[in-house]
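*Asks:* Okay, here's the structure, questions in a sec.
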Amino acid sequence: MPRFDNQTVLVTGGTGGQGSSHVRAFHAEGANVVIGGIDAQRGAALADELGTRARFVRLDVTDESSWSAAVRTAENAFGALNALVNNAGVQNPPATIEYTDQATWSRILDVNLTGTFLGIKVAAPALRRAGGGAIVNIASTMGLGGTAHYAPYVASKWAVRGLTRTAALELGRDHIRVNTIHPGVIATPFIHEPAAGATTAIAEFYSPEPFAIPRLGEPGDVTRLLLFLTSSGRVVHHGIGVRHRRWAPPRPRPSGRGRMSTPDPARRRPRS
Ligand SMILES: NC(=O)c1ccc[n+]([C@@H]2O[C@H](COP(=O)([O-])OP(=O)(O)OC[C@H]3O[C@@H](n4cnc5c(N)ncnc54)[C@H](O)[C@@H]3O)[C@@H](O)[C@H]2O)c1
């Protein structure tokens, strides 16, 4: 594991789910952690548990002034900000585009996209003052393709990808690396609790069976990738999106109606 001694990392949505896994791991590897979030009770409890190298700040990612306060907390408490993890995110209640109201669309875009934009905007000067650093934006495999019933979420995560690549071009010369991670389905409240306005949770209708690795992802799977991308080793990863898991085609069944056959390489048409 890379070490983060004397480094300060701000994690948004750091009070639970994947965010608290990231916070704990950075802290265990020597970092000072600033836990940004809207759940003050859980955030304060986590900071208390971790001790002097941790602070909780109330950070609503859609509010630029609370971003300024969070970055100020990092610099005042620990001297510098070295990495930002834009992890906070919300999903929409499942609905086709025709049945998605504009308020839902705007809310999802506000948190997932505008929140990430504001984070980059406000943190970049601090990272520059620190002599460089890393930003990792948590997108989704839904930011790589279409998913019926999730238009606001899908659009927001696609946009985070474009924003990341643009930020990478703008900040690279200041030694600030900017990357995305695209997690698959991860076992957190995100899938076990219904989204605001929904009655069923994703986990109730989701099966990991078609995945190459047929199990739910764990927050730690994403955390390990995150530590790699934020570590200031010699390897430079910049402006890339790392996909966490991908769909595997259904396994061919040996016989029966509707069976899928394994493609015969000899019959494949050459690519033009
Ligand atoms: N769990 C999955 O299957 C999955 C898959 C792909 C991507 N993701 C992404 O991973 C990230 C973390 O999600 P998670 O799985 O830990 O879900 P989660 O619901 O447990 O965590 C989301 C966090 O974001 C916080 N948050 C929501 N609105 C906020 C706001 N306005 N300001 C600050 N914080 C706010 C919540 O309080 C919560 O702590 C999200 O960006 C999500 O889109 C999750």
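What follows is calculated from the coordinates using simple rules that are stated; it is not laboratory data. What you see is a predicted model; the values in this text were computed from it and never measured. Neighbour counts are summed over all protein chains in view; Cβ atoms, including those assigned to glycine, are modelled from backbone coordinates with ideal geometry.
*Asks:* Please indicate, with yes or no, whether at least one residue in the stretch 175-190 is outside any strand (DSSP E or B) and out of contact with any Gly (no Cβ under 9 Å at 6 or more places or on another chain).
*Replies:* No, because not a single residue in the stretch 175-190 is outside any strand (DSSP E or B) and out of contact with any Gly (no Cβ under 9 Å at 6 or more places or on another chain).
*Asks:* Right, another one. Looking at the stretch 137-144, is at least one residue in a loop (DSSP other than H, G, I, E, B) and near the ligand (Cβ under 9 Å from one of its atoms)?
*Replies:* Scanning the stretch 137-144 turns up at least one residue that is in a loop (DSSP other than H, G, I, E, B) and near the ligand (Cβ under 9 Å from one of its atoms).
*Asks:* Moving to a separate point now. For the stretch 175-196, which positions are surrounded by fewer than 20 Cβ atoms within 10 Å (Cβ to Cβ) and touching a strand residue (DSSP E or B) at 6+ places or on another chain (Cβ under 9 Å)?
*Replies:* H175, A187
*Asks:* Continuing with this model, one more query. In the stretch 158-195, what residues are among the basic types (K, R), in contact (Cβ under 8 Å) with a residue 12 or more places away in the chain and farther than 28 Å from Y206 by Cα?
*Replies:* Across the stretch 158-195, the qualifying residues are R165, R177.
*Asks:* Across the stretch 197-223, what is the number of residues that are surrounded by 12 or more Cβ atoms within 10 Å (Cβ to Cβ) and assigned to a helix (DSSP H, G or I)?
*Replies:* Here the count works out to 7.
*Asks:* Which members of the stretch 148-164 meet the condition of being surrounded by fewer than 17 Cβ atoms within 10 Å (Cβ to Cβ) and either within 11 Å of the ligand (Cβ to nearest atom) or under 16 Å from the mean Cα position of the chain (by Cα) (or both)?
*Replies:* Once the filter is applied, which keeps residues that are surrounded by fewer than 17 Cβ atoms within 10 Å (Cβ to Cβ) and either within 11 Å of the ligand (Cβ to nearest atom) or under 16 Å from the mean Cα position of the chain (by Cα) (or both), the stretch 148-164 yields only G162.
*Asks:* Right, another one. Show the residue pairs that are 6+ apart or on different chains and have beta-carbon atoms under 6 Å apart, the first residue being within the stretch 51-70 and basic (K, R), the second being surrounded by fewer than 23 Cβ atoms within 10 Å (Cβ to Cβ).
*Replies:* From residues that are basic (K, R), the pairs are R55/A47; R55/T73; R55/A77; R58/A40.
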